[in-house]
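Notes follow the structure.
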Amino acid sequence: MKREAKSLVMVCNMSSLPTAALLKLPAFSLKTEADTARLAAAYAAQLGAGDVMLLSGGLAAGKTSFVRAFAAALGMSEGVSSPTYTLVNLYPTSTVPLLHMDAYRLENVAEFYDLGLEDELETRISMIEWGGKLAAEFDEVFELDLQMTNQSGARLATVSARGPRAQATLPAILERFRRATP
Ligand SMILES: Nc1ncnc2c1ncn2[C@@H]1O[C@H](COP(=O)(O)OP(=O)(O)OP(=O)(O)O)[C@@H](O)[C@H]1O
Ligand SMILES: [Mg+2]
């Protein structure tokens, strides 16, 4: 998170800090929900504690479905429910604990910081639905945008990574997904 950096900006009265470059790859199709689950499993194999993934896309685009498959790939037997009303759900898994958040109802970034999730974000893998509104708050972050298509069951996926670690990891994730796709 960039909170400390932001207060530093205010103290130093600088206009902005350099933002980590964004690696954005061409969109590709997830033809079925099983494809979405395979992509989630590919991320689960590479992400670790402290990694944050921002999920965007309209209503019913498949954000929660992605997190459900991600949690299952981490070895979680319990079902993932949507955090629409709870805002944040925390899960133990057999590997890395998971934070699942829905930022839909956050009105501004200050409300996110008011949740006091700093420690949780450091010790868990975090999946944030409607996370696009928080993109500027992370130096290191994975992003996935899912869009409905006119083909029922198919979604258009756009993946990106901000920060050197995320960018170094993304190719391995996509390679794993490609190898798992029939
Ligand atoms: N390729 C696909 N990937 C993901 N979900 C799919 C796909 N095809 C169909 N679906 C269906 O689309 C729905 C996605 O619902 P989901 O709750 O995951 O969306 P969401 O993006 O989390 O919505 P919300 O904005 O309400 O949180 C599910 O019913 C799922 O079965
Ligand atoms: Mg959802």
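Assorted remarks:
- For V52, the amide hydrogen comes within under 5 Å of the amide hydrogens of S126, F142, counting only partners 5 or more places away or on other chains and with H modelled in the peptide plane.
- q = 0.12, 0.16 Å⁻¹, the chain: log10 I(q)/I(0) [Debye, one scatterer per Cα]: -0.55, -0.98
- Our Cα-only numbers for the stretch 70-163 put the radius of gyration and Dmax at 14.2, 41 Å.
- Comparing mean-square fluctuations of G62, G132, G79 from a GNM of the chain with C-alpha springs under 10 Å, the top value falls on G79.
- Label zone at L115 (point 7 Å along Cα-to-Cβ), backbone N below 14 Å, the stretch 138-182: 138
- The longest stretch of the chain left intact once loop-based GluC sites (Glu not before Pro) with at most 16 other Cβ atoms within 10 Å are removed from consideration, loops following DSSP, is 1-77.
- Only Lys, Arg, Asp and Glu carry charge here, each on its Cβ (+1 for the first two, -1 for the last two); on that basis the stretch 20-180 has a dipole of about 860 debye about its Cα centre.
- Going by neighbour counts of Cβ atoms within 10 Å, the residues S152, S65 line up, fewest first, as S152, S65.
- Relative to the dominant Cα principal axis of the chain, helix 33-46 is inclined by about 50°.
- Mean sequence separation of contacting Cα pairs (under 8 Å, at least six apart), scaled by the length of the stretch 18-89, corresponds to a relative contact order of 32 percent.
- Along the chain, longest interval not containing exposed trypsin sites (Lys or Arg not before Pro), exposed being DSSP loop plus at most 14 other Cβ atoms within 10 Å: 106-182
- Loop-located chymotrypsin sites (Phe, Trp or Tyr not before Pro) across the stretch 30-128 with a Cβ neighbour count of 11 or fewer within 10 Å are Y85, with loop assigned by DSSP.
Rule-based calculations on the coordinates, nothing more; no lab input. Everything quoted here is computed from the prediction, not taken from an experiment. No Cβ is skipped: glycine too gets one built from the backbone with ideal geometry, and neighbour counts run over all protein chains shown.
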